[in-house]
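Remarks on the structure that follows.
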């Protein structure tokens with residue numbers, strides 16, 4: 001299995017999923033770090049290869065971006 005995240009993956013496909021399901025799916029697809037960003041979270045803005053940022057509200061993913 002290729003351990004690198006899939007560059008052509010549609011990140012919008014994570015929107016609407018439960019946070020746990022989205023994190024599990026991301027790890028299965030090779031993302032080495034999955035970060036949940038809830039309202040009010042303090043966030044650093046450096047880009048990190050292999051990281052997926054999930055914006056989460058009320059347990060559901062509302063946005064997603066790489067890095």
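Applying the condition of being in contact with a helix residue (DSSP H, G or I) (Cβ under 9 Å, 6 or more places away or on another chain) and either part of a helix (DSSP H, G or I) or modelled with pLDDT of 95 or more (or both) to segment 1-14 and asking which residue is nearest to residue 60 (Cα to Cα) yields 14.
Reported count of residues in segment 17-30, each being assigned to a loop (DSSP other than H, G, I, E, B) and out of contact with any helix residue (DSSP H, G or I) (no Cβ under 9 Å at 6 or more places or on another chain), is 2.
Restricting attention to segment 29-45, report how many residues are free of Cβ contacts under 8 Å to residues at least 12 places away in the same chain and at negative phi. Within segment 29-45, residues that are free of Cβ contacts under 8 Å to residues at least 12 places away in the same chain and at negative phi number 5.
In segment 47-67, the residue that is surrounded by the fewest Cβ atoms within 10 Å (Cβ to Cβ) out of those that are in contact (Cβ under 8 Å) with a residue 12 or more places away in the chain and assigned to a loop (DSSP other than H, G, I, E, B) is 47.
Residue pairs whose Cβ atoms lie under 6 Å apart, sitting 6 or more positions apart in sequence or on different chains, and linking a residue in segment 6-28 that is within 13 Å of residue 66 (Cα to Cα) to a partner that is in a helix (DSSP H, G or I) and at pLDDT 95 or above, are 14/22.
The values are calculated or read from the model by the stated rules, or taken from the named source; none is laboratory data. Since we're looking at a predicted model, the values are computed, not measured. As a convention, Cβ positions derive from the backbone with ideal geometry for all residues, glycine included, and neighbour counts pool all protein chains shown.
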